[in-house]
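The values are calculated or read from the model by the stated rules, or taken from the named source; none is laboratory data. Values in this document were obtained by computation on a predicted structure and should not be read as measured data. FYI the Cβ positions are ideal-geometry reconstructions off the backbone, even for glycines, and counts take in every protein chain you see. For accessibility, only protein heavy atoms count, side chains too; no ligands or nucleic acids. Shrake-Rupley method; radii C 1.70, N 1.55, O 1.52, S 1.80 Å.
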Amino acid sequence: MLSDTLFQRAKGNGERVKVVGESHSPNNIAVTEGHMICLKNLNRILTVDKHAKTVKVEAGIRLTALNEELFRHGLAMSNLGSI
């Protein structure tokens, strides 16, 4: 598997590997001089439970897409943080 090879090589070279969701941030938190694994293609909504008011999503989903899908189900996030 590619990631196994990447991790082994990085470990052997004393390098860092950073995993990021979409690699979009208003600050430099996603910047690395090492290797980056970007999860932006892991962007699906997996389950929606309207009764429990919960959703399960993949780690790379953008908040815009998540909010649009929540709206379609009559749901919303109570707090978006400081994006």
Long-range HN-HN contacts of residue 57 with modeled amide H, under 5 Å: 46
Helix 2-13 vs. the chain, principal-axis angle (Cα, 0 to 90°, nearest 10): 50 degrees
Accessible carbon and sulfur surface of the chain relative to its total accessible area, %, 1.4 Å: 52 percent
Cα long-axis angle, helix 63-72 against the chain (0 to 90 degrees, to the nearest 10): 30 degrees
Net dipole in debye of the chain [+1 Lys, Arg Cβ; -1 Asp, Glu Cβ; about Cα centre; nearest 20]: 120 debye
Accessible area per residue in Å² at 1.4 Å probe, computed on the chain: 81 Å²
Cβ-Cβ FRET estimate between residue 63 and residue 13, R0 fixed at 35 Å, reported to 0.05: 0.50
Extended-chain gain in nm, criterion 0.36 nm per residue less alpha-carbon gap, residue 43 and residue 29: 3.1 nm
Charge dipole of the chain about the Cα centre (unit charges at C-beta), most positive-ward option of 43, 31, 76: 76
